[in-house]
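None of the figures in this text is laboratory data; all of them are computed from the coordinates on show. Since we're looking at a predicted model, the values are computed, not measured. All Cβ positions, glycine included, derive from the backbone under ideal geometry; neighbour counts span all protein chains shown.
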Amino acid sequence: MDVVYELTETQIQELHDLFKNEWWTKQRTLEDTRQCVQDSQICIGLVDDTKVAGFVRVITDYTFKALIFDLIIKKQYRNKSLGKKLIHLVKSHEAIKDVPHFELYCLPELRDFYRSCGFTDDINGIELLRYTTHSRPFKKTAQMRAYSHRYVVVHS
């Protein structure tokens with residue numbers, strides 16, 4: 001099993017095929033998948049003979065927080081500790097290994113898995129709040145310009 005930090009176009013398509021099989025990502029288009037991979041600061045894939053077996057991505061400020069998203073393992077590779085391997089690769093990644101807080105969202109049935117990776121849900125009463133503006137993920141438009149790996153909306 002090889003570790004990759006950039007996905008080829010073929011591997012992005014394979015990742016999208018994995019996403020189509022899960023309730024939490026099945027609504028994503030190939031362009032959504034391509035965009036979230038491109039716009040995440042860190043992406044880590046596990047590949048077996050160039051085929052995607054597992055994936056995780058991270059959005060971070062490199063100083064205080066690193067938010068882990070989309071940890072996914074292909075069905076035939078599950079229960080082989082690949083999820084733990086991906087979490088270890090995230091936490092030990094050179095660019096973020098000194099970030100004090102790694103955070104993620106998970107369903108209650110996955111708490112034990114993430115606890116076994118060192119995560120806790122004891123965060124002093126902090127709760128997740130969400131504000132939703134659209135039923136679909138926000139799309140970058142021609143009015144947006146890249147600025148230091150962030151996007152700023154430009155009003156004309």
Task: Whole-Hz ³J(HN,Hα) from phi, Karplus 6.51 cos²θ - 1.76 cosθ + 1.60, for segment 94-102, glycine and proline x - done: 3, 6, 10, 4, 9, 5, x, 10, 9
TODO: Just tell me the longest site-free run in the chain, where the sites are GluC sites (Glu not before Pro) in a DSSP loop having at most 16 other beta-carbon atoms within 10 Å.
DONE: 23-93
Open item on the list: If a paramagnetic tag sat 7 Å from the Cα of Thr50 along the Cα-Cβ line, which residues of segment 1-19 would have the backbone N under 20 Å from that point?
Closed with: 1-18
Task: the chain: most fluctuating residue of Ile68, Ile96, Ile123 per GNM, C-alpha cutoff 10 Å - done: Ile123
TODO: Sort His16, His134, His101 so that the residue with the fewest other Cβ atoms within 10 Å of its own Cβ comes first and the one with the most comes last.
DONE: His134, His101, His16
Open item on the list: Can you give me the distance in nm between label points at Lys65 and Asp2, each placed 7 Å from the Cα along the Cα-to-Cβ direction?
Closed with: 3.5
Open item on the list: Output wanted: per-residue J couplings in Hz (rounded whole) for segment 23-36, from phi through Karplus 6.51 cos²θ - 1.76 cosθ + 1.60, θ = phi - 60°, x for Gly and Pro.
Closed with: 4, 7, 9, 5, 7, 6, 8, 4, 5, 4, 4, 4, 5, 5
Task: Förster radius 41 Å - calculated FRET efficiency between Glu103 and Asp17, Cβ distance, rounded to 0.05 - done: 0.90
Task: Sites matching trypsin sites (Lys or Arg not before Pro) across segment 33-84 that sit in DSSP coil, with at most 14 neighbouring C-beta atoms within 10 Å - done: Arg78, Lys80
Open item on the list: Over the chain, what portion of Cα pair distances is larger than 23 Å, expressed as a whole percent?
Closed with: 42
